[in-house]
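Okay, so here's the structure we're looking at.
Each value in this text was obtained by applying a stated rule to the coordinates, not by laboratory testing. Everything numeric here is computed off the predicted structure, so don't read it as measured data. Here the Cβ is made from the backbone with ideal geometry for all residues, glycine too, and neighbour counts use every protein chain on show.
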Amino acid sequence: MSDLLDRLPRFATGEPGSYRPGFDRIHALLDLFSRPDHTFEVVLVGGTNGKGSTAAVLSALLTASGRTVGLHTSPHLLDITERMRVDGRAAPRAWLDAALDRFESDILEIGPSFYEATLALSLLYFTDQDVDTAVVEIGLGGRLDAANALDPNVSVITTVGLDHTDILGDSIEKIAVEKAGILRPGVPLVLGRLPEPARDVILERAAESGAPVRSISDVDEIPPTIGLPGRHQVDNARTALAAYEALTGYAPDSDVAERALADVVALSGIRGRMERIALGPGAWVDVAHNVDALEAALHTYLRLTPDADRRVVVFGVLRDKDLKGMAALLVRAGVHAVASGIPGLRARPVNETADALRAAGVPVLEAVANPVQALRRARMADAPVLVTGSHYLVADILRDTGT
């Protein structure tokens with residue numbers, strides 16, 4: 001088994017050289033792999049929040065309609081192969097090991113980041129599996145993301161909010177410019193529910209490039225059952241349905257849409273979206289990692305636990321997140337918290353998280369460095385528990401519970 005990917009710089013852990021804008025390395029990798037991206041249709045899905053869920057629903061819709069569909073998302077939760085799924089199933093580890101053994105010296109010579117290498121390997125796997133369509137989630141931003149080296153048949157922007165402001169800009173308008181970088185002249189663009197300033201920026205760019213625009217408002221009705229809890233998932237489903245129509249030229253049959261939305265988890269392989277991991281009072285995990293996403297997750301959590309006398313959130317965040325804004329949401333939701341540590345160089349120290357929560361007025365039961373121990377402490381309260389704030393926090397919990 002090759003350890004090549006472990007040796008590449010990784011943004012998730014804050015390693016130097018992990019974020020290097022530019023397309024030379026991804027093009028070199030795709031050339032090395034004989035341009036797998038030219039063998040299937042491509043849908044690029046970007047946005048501040050909802051892009052993973054929207055990509056999953058679109059993938060499920062296409063799979064349910066009879067296509068073979070590749071889905072690339074990041075970050076992964078339990079295994080690297082989750083980033084490269086076909087019809088909801090992760091690539092076999094044996095395939096990945098064989099590909100790394102075959103191309104190791106060439107990949108090292110190119111010198112990509114972990115993200116660039118896993119993106120290219122996903123596309124190689126997709127062509128090996130003879131997929132009809134690849135749904136590719138943008139990693140960070142849009143304009144300078146490695147996935148933007150691809151030539152999409154449809155581009156999707158789900159939402160625009162304040163996140164990664166140190167890289168993408170400190171205003172909605174600046175971030176909208178970065179997100180709009182994935183549109184192409186004459187290529188359909190699908191928009192989710194956007195704040196007006198972002199929508200204005202993106203529509204102006206679309207008009208300049210001649211990109212036809214569809215939006216969430218073009219989809220009036222959706223099936224009543226969605227396998228991902230939360231009112232925000234209704235918007236994500238509507239955006240995915242609009243993208244399906246933009247790609248195929250027609251709406252899916254009602255039975256296809258009903259099956260795809262109800263069975264989206266099985267058909268796409270998506271994890272960590274208000275995913276229930278325990279019975280009794282209940283425990284859920286959600287990968288919400290910024291203010292807007294946390295607001296949606298907390299709203300869903302409160303609706304799922306209407307009779308609870310007390311609720312406990314296991315909460316940990318990375319250093320670059322708006323902890324003050326997220327703490328204000330926890331106060332408004334009336335929850336108790338167990339502050340949790342997170343692995344990795346980008347993690348905010350657990351005591352710093354706990355101090356910020358207390359300063360905001362959140363009742364903090366304890367600060368626990370280990371995520372698994374933090375969940376165990378939270379469950380001692382005999383109350384429904386939500387684990388949220390970071391993909392990496394959720395990953396540790398899922399790994400421990402074996403769910």
L318's amide H: which non-local residues (gap 5+, or another chain) put their own amide H closer than 5 Å, with H modeled 1.01 Å from N in plane and none for Pro or chain starts?
R348
Between V234 and A94, what is the FRET efficiency for a Förster distance of 45 Å, r being their Cβ-Cβ separation, to the nearest 0.05?
0.70
Dipole magnitude of region 275-401 about its Cα centre (Cβ charges: Lys, Arg +1; Asp, Glu -1), debye to nearest 20:
120 debye
Between (1) -0.63, -0.76, -0.89, -1.02; (2) -0.51, -0.64, -0.79, -0.94; (3) -0.79, -0.88, -0.98, -1.07, the structure-derived log10 I(q)/I(0) by the Debye sum over Cα atoms at q = 0.09, 0.10, 0.11, 0.12 Å⁻¹ is (2)
Pairwise centroid distance, computed over Cα atoms, of region 27-61 with region 328-403, Å
32 Å
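Can you put H391, H76 in order, fewest other beta carbons within 10 Å first?
Numbers: H391 20, H76 17.
So the residues, fewest neighbours to most, are H76, H391.
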Which whole-number percent gives the relative contact order of the chain, counting Cα pairs below 8 Å spaced six or more residues apart?
17 percent
If one computes the Cα centroid of region 149-204 and of region 75-133, what distance in Å separates the two points?
27 Å
The residues R102, R67, sorted from fewest to most surrounding Cβ atoms within 10 Å, come out as R102, R67
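Using Cβ contacts closer than 10 Å as the measure, can you line up K321, K51, K174, K179 from fewest to most? Mind dumping the intermediate values first?
Details: K321 21, K51 25, K174 14, K179 29.
By the 10 Å Cβ count, ascending, the order reads K174, K321, K51, K179.
If we count every other residue with Cβ under 12 angstrom of A339's Cβ, Lys/Arg +1 and Asp/Glu -1, where does the sum land?
Net of charged neighbours comes to 0.
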From phi via Karplus (6.51, -1.76, 1.60), per-residue ³J(HN,Hα) for region 291-300 in Hz, x at Gly/Pro:
4, 4, 5, 5, 4, 5, 5, 5, 4, 5
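Sort region 19-120 into rounded, prolate or oblate with this rule: let a ≥ b ≥ c be the square roots of the eigenvalues of the Cα gyration tensor; rounded if a/c is under 1.5, and if a/c is not under 1.5, prolate when a/b is larger than b/c, oblate otherwise. Provide the component values of the computation, followed by the final result.
Values: a/c = 1.70, a/b = 1.47, b/c = 1.16.
Note, shape of region 19-120 comes out prolate.
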With a ≥ b ≥ c taken as the square roots of the eigenvalues of the C-alpha gyration tensor of region 137-291, please select rounded if a/c is under 1.5 and otherwise prolate if a/b is larger than b/c or oblate if it is not?
oblate
Kindly write out, for region 49-56 in residue order, the coupling ³J(HN,Hα) from the Karplus curve 6.51 cos²θ - 1.76 cosθ + 1.60 (θ = phi - 60°), rounded to whole Hz, with x marking Gly and Pro.
10, x, 5, x, 5, 5, 4, 5
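Placing unit charges on C-beta atoms (Lys and Arg positive, Asp and Glu negative, everything else neutral), compute the dipole magnitude of the chain about its Cα centre in debye, rounded to 20. Each step should come with its number before you reach the end.
Values: 40 positive and 54 negative charges, 226 e Å.
It comes to approximately 1080 debye.
Set the Förster radius R0 to 25 Å, insert the Cβ-Cβ distance between E196 and V331 as r into 1/(1 + (r/R0)^6), and round the FRET efficiency to 0.05.
Details: r = 28 Å, r/R0 = 1.11.
The computed FRET efficiency comes out at 0.35.
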Karplus couplings for region 31-44 from phi (6.51 cos²θ - 1.76 cosθ + 1.60, θ = phi - 60°), rounded to Hz, Gly and Pro as x?
5, 4, 8, 6, 6, x, 5, 8, 9, 7, 5, 10, 10, 8
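Can you tell me how region 275-401 classifies by the Cα gyration tensor, rounded, prolate or oblate, using a/c under 1.5 as the rounded cut?
rounded
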What distance in nm separates the simple spin-label points at S34 and R276, each placed 7 Å from Cα in the Cβ direction?
4.8 nm
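Calculate the FRET efficiency for D151 and E366 from the Cβ-Cβ distance with a Förster distance of 45 Å, rounded to the nearest 0.05.
On the way: r = 51 Å, r/R0 = 1.13.
With R0 = 45 Å, the Cβ-Cβ based efficiency is 0.30.
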